[in-house]
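To keep things clear, I will list the structure first and then write my remarks on it.
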Amino acid sequence: MVRAKPAFKPQYGFSIEIDAIDPEYTLGDLEARKREIRTRLQQEGIFDANKKLPVPWDFNAVLVVAPKGAAGLGDFQAEANRLERFAICRFVYASSRFQGEGAALEIRAALLDALENWSDSDYPRPDAVAIIRGGGAVNDLAWLNDYELAKCICSLKIPVLTGVGHERDNTILDEVANIRFDTPSKVAAGIEQAIKKRVDEAKANFELLTTQATRVANASSAVLDRDFSAIHSGAFRQIATAKQTASELMGELQLGATSTVHDAKHDARKLVTDVRHDAYQLLAMANRDVPGMFSEIKAEASNVVSTARVLATTRLEAIHDRTSLDVRRSRESVEQGLQDVTVSARQIVAGALTAATALFREVAGQGPEKTLGRGFAIVRGEEGKPVTSATDAKSGDGLEIEFRNGRVAVRVK
């Protein structure tokens with residue numbers, strides 16, 4: 001886009017003089033780069049993968065990727081905060097640079113990190129991802145025309161909403177997104193409209209359901225009233241018939257019951273006589289047979305007791321012999337084990353004594369005289385205490401250095 005004015009000079013003829021160029025509308029390499037990305041994604045068959053995902057039916061949670069503190073984010077939040085304040089929709093924000101070297105890589109990393117952290121939480125996955133930023137120069141928005149970032153959006157299984165720049169701006173992200181909005185505030189407005197549409201549908205369905213329920217209830221009430229009247233009339237008829245039948249049956253029942261009681265009384269008397277006769281016979285047989293059976297039981301019991309006594313004595317002797325043998329074997333095993341422990345203990349004590357003697361000799365051989373003889377020295381302060389670091393030797397203090405063959409007094413400079 002240029003600003004120009006026509007000019008005519010007799011010497012040179014008619015011409016157009018350009019006095020200004022708007023760089024925001026410059027295409028060239030930027031447009032070529034965008035076309036290259038578009039062609040590459042189309043060849044890979046993923047250019048419209050996100051666009052083919054179903055549009056979110058409703059919005060309960062949205063992940064928003066935007067520059068931190070940007071004006072476009074403020075416009076978006078002015079609309080979104082109302083939805084979040086009434087717990088209608090939850091918005092989670094991920095910040096990233098949107099221009100400059102490495103901006104596309106940072107946007108992609110922020111988006112993937114936010115989705116990974118989301119999957120680790122207890123919340124369901126977001127209904128959509130919104131990528132927003134305010135307007136700017138074409139060169140500023142050109143950083144979003146990145147192949148890796150566009151491929152990431154195409155590969156997402158979550159619908160992506162874009163609101164980048166103004167209405168005239170266009171990036172490759174807008175082309176591959178599920179839904180494109182002109183500005184960040186229109187993204188929030190689109191989410192709100194979708195939610196409102198579901199609310200209106202729910203209201204309409206509720207009203208339809210209420211109307212249908214009322215109609216069915218009224219029809220059912222009429223049917224119930226008609227059926228109740230029929231049941232009421234039929235019940236009265238059945239009651240009258242039942243009363244008459246019950247009276248007839250009661251008379252027959254009383255007559256039959258009287259006859260049955262009379263027969264039962266006669267049979268009971270006969271049975272009592274038979275039972276008494278049988279009882280006398282059984283008692284006589286018991287008086288005759290019981291003494292003999294008692295003698296047999298007593299003799300059999302004596303035999304069983306004798307046999308049990310002999311068997312118990314035999315088994316007790318066997319147990320005693322077996323126990324004595326086990327005790328003798330256990331004593332021998334304990335004595336052998338004690339001897340083994342004694343020998344092992346003596347060997348361990350002897351080895352420890354030898355090692356301790358060698359260690360003592362080694363310690364004795366490492367005394368101060370030996371150390372001084374190898375070229376070391378001992379530095380002591382004025383009070384005779386050893387000085388082990390340069391920080392302890394203060395300027396002006398007197399020190400004493402002990403060598404192998406004598407001591408020398410020195411002063412710290």
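The values are calculated or read from the model by the stated rules, or taken from the named source; none is laboratory data. Just so we're clear, the structure is a prediction, and the values are computed from it rather than from any experiment. Cβ sites come from the backbone with ideal geometry, for glycine too, and all protein chains shown count toward neighbours.
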All-but-one check, residue 24 against (1) in contact with a helix residue (DSSP H, G or I) (Cβ under 6 Å, 6 or more places away or on another chain); (2) at pLDDT 90 or above, failing number (2)
Condition first: surrounded by 13 or more Cβ atoms within 10 Å (Cβ to Cβ) and under 24 Å from the mean Cα position of the chain (by Cα). Now tell me which residues in region 76-117 satisfy that. 89, 90, 91, 92, 93, 94, 110, 111, 112, 114, 115
Can you tell me which of (1) free of Cβ contacts under 8 Å to residues at least 12 places away in the same chain; (2) in contact with a strand residue (DSSP E or B) (Cβ under 8 Å, 6 or more places away or on another chain) is the one residue 116 doesn't meet? (2)
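When you check residue 260 against the structure, is it modelled with pLDDT under 80 and part of a helix (DSSP H, G or I), yes or no? Can you show your working first?
Numbers: modelled with pLDDT under 80: yes; part of a helix (DSSP H, G or I): yes.
So residue 260 passes the test.
Based on this model, can you work out whether residue 45 counts as in contact with a strand residue (DSSP E or B) (Cβ under 8 Å, 6 or more places away or on another chain), assigned by TED's automatic domain parsing to the domain that holds residue 138, at pLDDT below 95 and outside any strand (DSSP E or B)? Please lay out each step first, then the result.
Working: in contact with a strand residue (DSSP E or B) (Cβ under 8 Å, 6 or more places away or on another chain): no; assigned by TED's automatic domain parsing to the domain that holds residue 138: yes; at pLDDT below 95: yes; outside any strand (DSSP E or B): yes.
Spelling it out, it is not the case that residue 45 is in contact with a strand residue (DSSP E or B) (Cβ under 8 Å, 6 or more places away or on another chain), assigned by TED's automatic domain parsing to the domain that holds residue 138, at pLDDT below 95 and outside any strand (DSSP E or B).
Quick grid of which residues meet (1) in contact (Cβ under 8 Å) with a residue 60 or more places away in the chain; (2) among the basic types (Lys, Arg); (3) at positive phi; (4) part of a helix (DSSP H, G or I):
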position: 20; (1), (2), (3), (4): no, no, no, no
position: 50; (1), (2), (3), (4): yes, no, no, no
position: 59; (1), (2), (3), (4): yes, no, no, no
position: 75; (1), (2), (3), (4): yes, no, no, yes
position: 81; (1), (2), (3), (4): no, no, no, yes
position: 94; (1), (2), (3), (4): no, no, no, no
position: 99; (1), (2), (3), (4): no, no, no, no
Residue 87 being under 26 Å from residue 160 (Cα atoms), without any contact (Cβ under 8 Å) to a residue 24 or more places away in the chain and not in a helix (DSSP H, G or I): yes
Pairs only if they're at least six apart or on different chains, beta carbon under 7 angstrom, first in region 184-202 and basic (Lys, Arg), second modelled with pLDDT under 95 and not in a helix (DSSP H, G or I); list them, first residue then second. 186/163; 198/58
